[in-house]
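Here's the structure we're looking at; comments come further down.
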Amino acid sequence: MIIMKNKKLTIGISLRVVGNTDYNEKRDALSQDWSKFFEKLEINPLLIPNTIKNVSEFLEDMQVQGLFLSGGDNVGDNQDRDITEQKIIDYCLEKKIPLIGICRGMQVINTFFGGKIETLENSKHVGDPHLVSLNKSIAELLHTNELQVNSFHNNIIKQKNLGKNLEPFAMANDETIEGFYHTKLPIFGIMWHPERIPNDGNELIIRKIFYEKGNF
């Protein structure tokens, strides 16, 4: 008798755009931290190029079951990436499949739903690991009210600038929002980088979102 293993999820992820002056070309790129993180989560990653004309058709053909908007760079730095990520969000809205925005990706989601981003004049959120307080649902999942996270961003989101139907699930001690969820759709934002310092807490949160369409 052949025993079939549980099929891994296929999760798409957007890519940053980097230049190479030696060859006068632009390249889509993703940190190797992500491939290691996907392997721990038992996920098959699908890398989404920034030059595909029909993103929806591509994602449909690849039968993705969830999507990441990756971090790196600011919104507006590259038009191809901005357009591709907008189309990814549109696809998730249409198919009602889970979407997680990481750092820049969280900012993209907030902007998509009518929110705003503020840029700090200092670097207090860059290279400063800190605790975030968690809402009841995540606290029960992780058996703790706080989670230690990394921090690599100068852009912040405050409650007054939060997009429509978005609610916080993780807050920094300066009242900036480090994690949010959409109240009606399986869409989430995380300001820290779970792929850079993978731990049980981060993995539980990601698994809950993709495997259970977690309600935070």
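Listed values, structure above:
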read-out	value
Number of the exception - Lys160 against (1) of a type outside the set (Asp, Glu); (2) in contact (Cβ under 8 Å) with a residue 12 or more places away in the chain; (3) farther than 21 Å from His193 by Cβ	(2)
Exclusive hit being among the hydrophobic types (A, V, I, L, M, F, W, C) and surrounded by 22 or more Cβ atoms within 10 Å (Cβ to Cβ), set Ile83, Ile97, Ile88	Ile88
Phe68 being touching a Leu at 6+ places or on another chain (Cβ under 8 Å) and surrounded by fewer than 19 Cβ atoms within 10 Å (Cβ to Cβ)	no
Unique match (being touching a residue at least 40 places away in the same chain (Cβ under 8 Å), within 23 Å of Ser31 (Cβ to Cβ) and out of contact with any Pro (no Cβ under 7 Å at 6 or more places or on another chain)) among Ile138, Ile190, Ile209	Ile190
Unique match (being in a helix (DSSP H, G or I), touching a helix residue (DSSP H, G or I) at 6+ places or on another chain (Cβ under 6 Å), surrounded by 13 or more Cβ atoms within 10 Å (Cβ to Cβ) and modelled with pLDDT of 95 or more) among Leu59, Leu46	Leu59
Condition check for Thr111: hydroxyl-bearing (Ser, Thr, Tyr) and over 15 Å from the mean Cα position of the chain (by Cα)	no
Candidates Gly114, Gly101, filtered to the one that is assigned to a strand (DSSP E or B) and closer than 22 Å to Ile83 by Cβ	Gly101
Matching residues, the stretch 51-67, being touching a strand residue (DSSP E or B) at 6+ places or on another chain (Cβ under 9 Å) and farther than 19 Å from Arg27 by Cβ	Leu59, Met62, Gln63, Val64, Gln65, Gly66, Leu67
Residue in the stretch 162-171 that is in a loop (DSSP other than H, G, I, E, B) and under 14 Å from Leu69 (Cα atoms) present	no
Residue match in the stretch 119-135 (condition: loosely packed, with under 14 Cβ neighbours inside 10 Å, under 22 Å from Gly76 (Cα atoms) and small (Gly, Ala, Ser))	yes
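The values are calculated or read from the model by the stated rules, or taken from the named source; none is laboratory data. If you're wondering where the values come from, they're calculated on a predicted model, not measured in any experiment. Here the Cβ is made from the backbone with ideal geometry for all residues, glycine too, and neighbour counts use every protein chain on show.
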